[in-house]
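Presented below is the structure to which this report refers.
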Amino acid sequence: MYRDEEATDLPPEALQAIGALVGYYTELTAERARERRDDLLSGLLDAAEGDDRLTPEEIVGVLILLVGAGIETTMLLLGNAWHAAWKHPDERARTFAGRVEDWIEETLRWDPPTQALARTTTEDVEPHGVKIPADSRVLLLVGSANRDPQVFSDPDRFDLDRDTGPSLAFGSGRHHCLDANLGRLEARIALGELVGAIADYEIDAVAVKRVHSSNDRGFASLPTRITARR
Ligand code: HEM
């Protein structure tokens, strides 16, 4: 899913990997079509609305969507949370004193893993006085919306006490994240375990590596020296 720094296209090995994953899911779908098991793929094969069923191609599409939407985002959230708390020692002390849920919510607002969403307008619209004709491609910048000073006071401040209700980290409307609750639960478990085992930490700022992606933001590597709890 990542590009090389400054590159606009995925590297060939990434395209090959996506091809291999599609091949794997296609074979697995054919296998489950012959013999069901107690798993998601079998559930998707049996899912029906009236006479309408998902075709094998649609099922492979759903699996590709889930692997991209469900794994990458939570993984990046963990790094972004780790980095945000390190940058803000006062707030870090509070996260370690039991504010893990607020740590997650404020990270999702302040440094969301999904920074941009694409849409195509189906009719003319005029948000904030700007005319956008029907059939236009629009890029919605979640990261920017989450720092909108008309919505969040002092938006660049990382603040565990703030109301993160209007955050768009999980999107909005009919395409709102299918499993925001699972993402939150995974982050709660992972960060909660870390807080239970670690008293404090220091990130090696020079060795940090970011991922390069068209719409995701986060870290490929966040080397950390920890002080363990006794
Ligand atoms: C912290 C973790 C996560 C973040 C930040 C996140 C973010 C988002 C965002 C911003 C969207 C809206 C996309 C759009 O409007 O175009 C979305 C949609 C979606 N998410 Fe998540 N997500 C997370 C975790 C998950 C998990 C754990 C799953 C499933 C296992 C998941 C599955 C999906 C799916 C299937 C959609 C598409 C929904 C649709 O188009 O109707 N996400 N997510």
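The values are calculated or read from the model by the stated rules, or taken from the named source; none is laboratory data. This is a predicted model, so every value here is computed, not measured. Note that each Cβ is placed from the backbone with ideal geometry, even for glycine, and that neighbours are counted across all protein chains shown.
Is at least one residue of segment 154-171 closer than 28 Å to Val62 by Cα and charged (D, E, K, R)?
No, segment 154-171 contains no residue that is closer than 28 Å to Val62 by Cα and charged (D, E, K, R).
Residues to consider are Arg162, Arg229, Arg174; find the one that is surrounded by 14 or more Cβ atoms within 10 Å (Cβ to Cβ) and not acidic (Asp, Glu). It would help to see each step written out before you state the result.
Values: Arg229 fails: surrounded by 14 or more Cβ atoms within 10 Å (Cβ to Cβ); Arg174 fails: surrounded by 14 or more Cβ atoms within 10 Å (Cβ to Cβ).
Among Arg162, Arg229, Arg174, only Arg162 is surrounded by 14 or more Cβ atoms within 10 Å (Cβ to Cβ) and not acidic (Asp, Glu).
Does at least one position in segment 68-77 carry a residue that is farther than 24 Å from Ala220 by Cβ and surrounded by 17 or more Cβ atoms within 10 Å (Cβ to Cβ)? Before you say what the answer is, go through the steps one by one.
The first filter runs over segment 68-77 and keeps only residues farther than 24 Å from Ala220 by Cβ, leaving none.
No; the residues of segment 68-77 include none that is farther than 24 Å from Ala220 by Cβ and surrounded by 17 or more Cβ atoms within 10 Å (Cβ to Cβ).
Tell me the residue from Leu41, Leu76, Leu54, Leu28 that is in contact with a strand residue (DSSP E or B) (Cβ under 9 Å, 6 or more places away or on another chain), without any contact (Cβ under 8 Å) to a residue 40 or more places away in the chain and hydrophobic (A, V, I, L, M, F, W, C), please. Let's see the steps before the verdict.
Values: Leu41 fails: in contact with a strand residue (DSSP E or B) (Cβ under 9 Å, 6 or more places away or on another chain); Leu76 fails: without any contact (Cβ under 8 Å) to a residue 40 or more places away in the chain; Leu28 fails: in contact with a strand residue (DSSP E or B) (Cβ under 9 Å, 6 or more places away or on another chain).
Answer to the selection: Leu54.
Do we find a residue being over 24 Å from Asn215 (Cα atoms), surrounded by 18 or more Cβ atoms within 10 Å (Cβ to Cβ) and hydrophobic (A, V, I, L, M, F, W, C) anywhere in segment 80-95?
No; the residues of segment 80-95 include none that is over 24 Å from Asn215 (Cα atoms), surrounded by 18 or more Cβ atoms within 10 Å (Cβ to Cβ) and hydrophobic (A, V, I, L, M, F, W, C).
Among the residues of segment 118-143, which ones are touching a strand residue (DSSP E or B) at 6+ places or on another chain (Cβ under 9 Å), small (Gly, Ala, Ser) and surrounded by fewer than 14 Cβ atoms within 10 Å (Cβ to Cβ)?
The answer is Ala118, Ala134, Ser136.
When you go through (1) touching a Pro at 6+ places or on another chain (Cβ under 8 Å); (2) within 11 Å of the ligand (Cβ to nearest atom) one by one for Ala81, which number turns out not to apply?
Here Ala81 meets the rest and fails (1).
So if I check each of Ala7, Ala17, Ala81, Ala48, which one is of a type in the set (Gly, Ala, Ser) and in contact with a helix residue (DSSP H, G or I) (Cβ under 9 Å, 6 or more places away or on another chain)?
Testing whether each residue is of a type in the set (Gly, Ala, Ser) and in contact with a helix residue (DSSP H, G or I) (Cβ under 9 Å, 6 or more places away or on another chain) leaves just Ala81.
Listed here are the residues, each with its yes/no results for (1) out of contact with any Asp or Glu (no Cβ under 8 Å at 6 or more places or on another chain); (2) hydrophobic (A, V, I, L, M, F, W, C).
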position: Ile64; (1), (2): yes, yes
position: Thr74; (1), (2): no, no
position: Arg119; (1), (2): yes, no
position: Glu126; (1), (2): yes, no
position: Val142; (1), (2): yes, yes
position: Asp156; (1), (2): yes, no
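When you go through (1) buried (at least 17 other Cβ atoms within 10 Å of the Cβ); (2) under 30 Å from Leu140 (Cβ atoms); (3) not basic (Lys, Arg) one by one for Ile203, which number turns out not to apply?
(2)
Give just the number: which of (1) surrounded by 20 or more Cβ atoms within 10 Å (Cβ to Cβ); (2) of a type in the set (Lys, Arg); (3) in a strand (DSSP E or B) does Arg109 not satisfy?
With respect to (1) surrounded by 20 or more Cβ atoms within 10 Å (Cβ to Cβ); (2) of a type in the set (Lys, Arg); (3) in a strand (DSSP E or B), Arg109 is out only on (3).
In segment 117-230, which strands (runs of 3 or more DSSP E) lie fully inside it and hold 1 or more residues that are within 14 Å of the ligand (Cβ to nearest atom) and over 19 Å from Phe96 (Cβ atoms)?
Of the strands (runs of 3 or more DSSP E) lying wholly inside segment 117-230, those with at least 1 residues that are within 14 Å of the ligand (Cβ to nearest atom) and over 19 Å from Phe96 (Cβ atoms) span 137-141.
Residues to consider are Glu57, Glu91; find the one that is touching a Phe, Trp or Tyr at 6+ places or on another chain (Cβ under 9 Å) and either away from the ligand (no atom under 15 Å from the Cβ) or assigned to a loop (DSSP other than H, G, I, E, B) (or both). Steps first, please.
Details: Glu57 fails: touching a Phe, Trp or Tyr at 6+ places or on another chain (Cβ under 9 Å).
When all the criteria are applied, what remains is Glu91.
Mind listing whichever residues of segment 24-40 are within 16 Å of the ligand (Cβ to nearest atom) and modelled with pLDDT of 95 or more? Break it down into steps so the answer makes sense when it comes.
Here is the first cut: in segment 24-40, the ones within 16 Å of the ligand (Cβ to nearest atom) are 25, 39-40.
Of everything in segment 24-40, those that are within 16 Å of the ligand (Cβ to nearest atom) and modelled with pLDDT of 95 or more turn out to be Tyr25, Asp39.
Considering each of Thr74, Thr55 in turn, give the residue that is of a type in the set (Ser, Thr, Tyr) and farther than 30 Å from His212 by Cα. Lay out the reasoning, then the answer.
Working: Thr74 fails: farther than 30 Å from His212 by Cα.
Result of the check over Thr74, Thr55: Thr55.
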